[in-house]
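In what follows, a structure is listed as structure tokens, so that the remarks can point back to it.
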Amino acid sequence: MKAPQTQAARAEAAGQLAQFVYDGETYTVAPTTDWDLDALAAFEDGHILTAVRLILGDAQMKTFRSKRRTIGDLNDLFEAAQKAAGISGN
């Protein structure tokens with residue numbers, strides 16, 4: 001089996017969606033080259049919730065928020081999304 005980082009890099013290079021599982025739910029993210037610039041701006045401004053919502057989209061964010069969540073959960077989800085997309089966490 002290929003290492004997750006290798007799979008993420010190949011998906012990124014091919015412009016494919018990347019999937020990851022967080023807390024029993026499967027999420028899908030676009031290649032980072034397709035991420036909205038507003039997501040980057042939100043991240044740089046420290047608005048992680050906004051950045052994650054822009055990256056995941058409203059439907060997946062609703063799935064994430066369907067359980068009681070903490071800031072730690074949000075950080076873990078964002079790190080999982082970054083790894084799936086082939087970039088390192090913050």
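The values are calculated or read from the model by the stated rules, or taken from the named source; none is laboratory data. Keep in mind that what you see is a predicted model, and the values were worked out from it rather than measured. All accessible areas refer to the heavy atoms of the entire protein, side chains included, with ligands and DNA or RNA removed. Shrake-Rupley method; radii C 1.70, N 1.55, O 1.52, S 1.80 Å.
The residues of the range 37-90 expose, per residue, 61 Å² of accessible area to a 1.4 Å probe.
With a 1.4 Å probe and every protein chain kept in, tell me what percent of the accessible surface of the range 50-90 is carbon plus sulfur.
With neighbouring chains kept in place, the figure for the range 50-90 is 48 percent.
Leaving ligands and nucleic acids out of the surface, order Leu37, Leu74 by accessible area at 1.4 Å, largest first. Walk me through the intermediate numbers first.
On the way: Leu37 130, Leu74 20 Å².
Descending accessible area places them as Leu37, Leu74.
How far, in nm, would the chain grow between Gln19 and Ile87 when pulled straight, counting 0.36 nm per residue and subtracting the alpha carbon separation? Present the calculation step by step, with values, prior to reporting the outcome.
On the way: separation 68, 0.36 × 68 = 24.48 nm, distance 1.37 nm.
Using 0.36 nm per residue and subtracting the Cα-Cα distance, I get 23.1 nm.
Counting only protein chain heavy atoms and rolling a 1.4 Å probe, the accessible areas of Thr63, Thr26, Thr33 rank, largest first, as Thr33, Thr26, Thr63.
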